[in-house]
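In what follows, a structure is listed as structure tokens, so that the remarks can point back to it.
The values are calculated or read from the model by the stated rules, or taken from the named source; none is laboratory data. Note that this is a predicted model, so its numbers are computed, not measured. Here the Cβ positions follow ideal geometry from the backbone for every residue, glycine too, while neighbour counts run over all protein chains shown.
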Amino acid sequence: MSFARDFATSDGTRLSVDFGDDGRPVLFLHGLCGDATQTREAFPPECGFQRVTVEARGHGASEPGDLSKLSIATFASDIADFIEQELRAPVIVGGISMGAAISLRLAIKRPDLVQALIVARPAWLTAFAPDNMAPNAEVGRLLGILAPDAAKQAFIAGEIGQRLAADAPDNLASLLGFFSRQPIEVTAGLLTAISNDGPGVTADEVAGLSISTLVIGHEKDLIHPLSYARTLAERIGNARFAEITPKTSGRTQYVADFHAAMRNFLMEL
């Protein structure tokens, strides 16, 4: 069971907040062009903690607001406002992919708000516009210059699409869904802006984190390299690393492994 309600950001943008079962709150954030459906699947059920997912601007049922403001920094600022207004800080914060980058930035820039950190399938370390985000950026570029169907066919036929089809079919399937994601102009804006963005933190700041941290990664994922997860787990002083089954090897086991990793971590906090 889950329910949702609205939250207004400092500039008046309405965001949808999805709540899971009762318990101690865990802010668990979705990936780029995802929504609370993604976090509902990954969060362990009946674990004594309540999943709270703030759907970022332009995602799920949230308003996009000013498209020029779309950034990881803006999303993190929105989360900070939500914690200060709606929760009792510090809280457990984490997320998947983009949600992991938002959470990492928040833990570093606002350590007063974050008790513990979950970084799942990270797509960034510290650099802006990393090479692994090029597929997302290319989808955004094509949607900006072509009709959706033509953009999709151009992507499938292109070098990036062919490489993903051979090496990371799960990544390809996710990206192909973006070509029909409405509104198209918001999808193109998100993919372009966020793919060329970064968490805005330094390697020294990452190494300076001392809070309990769980880092989750898996193989067979070109957009979320396993090496990124390993690197973050090594750099963060009080981090543990969990390698789980890739989705391409079996989604049921992927979800079960994700649940187990998070449940074990949360039970020790």
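Looking for whichever is closer than 16 Å to residue 137 by Cα and assigned by TED's automatic domain parsing to the domain that holds residue 117 here; the options are 216, 223, 211. Which one fits?
Result: 223 is the single residue among 216, 223, 211 that is closer than 16 Å to residue 137 by Cα and assigned by TED's automatic domain parsing to the domain that holds residue 117.
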What's the total number of residues in the stretch 98-110 that are in contact with a Leu (Cβ under 8 Å, 6 or more places away or on another chain) and surrounded by fewer than 24 Cβ atoms within 10 Å (Cβ to Cβ)? 1
Among the residues of the stretch 173-211 satisfying the criterion of being hydroxyl-bearing (Ser, Thr, Tyr) and in contact with a helix residue (DSSP H, G or I) (Cβ under 6 Å, 6 or more places away or on another chain), which is nearest to residue 126 (Cα to Cα)? 195
Quick one: is residue 95 at pLDDT 95 or above and closer than 19 Å to residue 266 by Cβ? yes
